[in-house]
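For reference, the structure discussed in these notes is given below.
The values are calculated or read from the model by the stated rules, or taken from the named source; none is laboratory data. Model, not experiment: these values are computed from the prediction. Methodologically, a virtual Cβ is constructed for each residue, glycine included, from the backbone with ideal geometry; neighbour enumeration extends over all protein chains shown.
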Amino acid sequence: MAAALLAGACSPQVYPLYMDVRNPSSSGLDLNRKELAIVYRDGTNAVDSLFDRHASSALARSLEEDYFGGAEKVGIFRVPDADSMSVRLMHSLVMDTGGDVVFVLKSSLGEPVPETNQMVKGATSPDSAFVCPVAIPVKTHLDVYDSMGEDKVHSFNGSAVLRPLVYNNGLPSQEALGQLALRSLGKEADIVGQRISTRFLSKWVTENFSFYYFDVSSDAWIDGISRVMEGKMAAAVDAWSPLVKRGSALRRACACYNIAQAFYLMEDYDLCRRWLDEAEKLENVSLAPGLRKRLAAHLEKK
């Protein structure tokens, strides 16, 4: 009986975990671990340019939240308007902005159509005693170029009807109400920028990841798994690192495999491959082919 327990203790055990992993956005573009830049095309229409400046800021904030943990990492630039954004022009923008991926935004606002100007109940000021919804059509065109991907410009179009509220004293003409609406579209531009961003945000998928551990061993095996469960992948690597130099080839291979998978979850695919190579040099661990296949599938998407 004692011999049987000892034999079992010398065999690796598998601890399964379900974790969320990042997949490319619905646009098909993989923006992770890349420098991003947003450019808005500044034409002769000052209202359109101001709108695009606000929309670009909102788009940048959404991308920063998803890809950079909210840190201000997405640059915003302005360029003169052009009829079209060719690959050649995009190459120049990559150089000028320093972005691996460049977004180029151009919006066109239509004629504002004021609706009924109505009195506001309980208004505290004569200047805001009336409110008028104004319908403003907007068309957006976005060109995206990924200098680390396919050498082509990806184009996206959208349209919407904005309905800003214009508070007034009841005296402005319909034309004046329309002009007031055009000069106060910051909130609406933010909404448009956020809507544009949804096409480029990561898709998150829940997948199973299994880690090796040994019953009779250092607590480092379980400590590493605990760190993974807390989302602290670097700490898990630190816990398992001493184990790659201890014990049998099988134990060292299992430690290398765990580290490789932690780097996969950290989205550092070069180090994942290196540690997986080390594991397979030591021993044919059963989980290694699955991670190799998962890594290859991810790199193929890129």
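Some points to look at:
- Subset tally (residues that are under 34 Å from the mean Cα position of the chain (by Cα) and surrounded by fewer than 24 Cβ atoms within 10 Å (Cβ to Cβ)) for the range 245-257: 1
- Only residues that are assigned to a strand (DSSP E or B) and touching an Asp or Glu at 6+ places or on another chain (Cβ under 7 Å) were counted in the range 206-239, giving 1.
- Residues of the range 41-60 that are surrounded by fewer than 19 Cβ atoms within 10 Å (Cβ to Cβ), within 13 Å of Leu182 (Cβ to Cβ) and under 23 Å from the mean Cα position of the chain (by Cα): none at all.
- Filter result for Asp151 (modelled with pLDDT under 95, among the acidic types (Asp, Glu), assigned by TED's automatic domain parsing to the domain that holds Phe103 and surrounded by fewer than 17 Cβ atoms within 10 Å (Cβ to Cβ)): yes
- Tallying residues that are more than 29 Å from Gly110 (Cβ to Cβ) and either free of Cβ contacts under 8 Å to residues at least 60 places away in the same chain or assigned to a helix (DSSP H, G or I) (or both) within the range 29-67 yields 4.
- Ala189 being in a helix (DSSP H, G or I) and closer than 30 Å to Ser56 by Cα: yes
- The residues in the range 258-277 that are within 14 Å of Ala235 (Cβ to Cβ) and crowded, with 24+ Cβ neighbours inside 10 Å can be counted, and the count is 3.
- Some residue of the range 210-221 being crowded, with 18+ Cβ neighbours inside 10 Å, on the phi < 0 side of the Ramachandran plot and of a type in the set (Val, Ile, Thr): no
- Exactly one residue among Ser128, Ser92 is surrounded by 11 or more Cβ atoms within 10 Å (Cβ to Cβ), outside the structural domain of Asp48 (by TED's automatic domain parsing), modelled with pLDDT under 95 and out of contact with any helix residue (DSSP H, G or I) (no Cβ under 8 Å at 6 or more places or on another chain), and that residue is Ser128.
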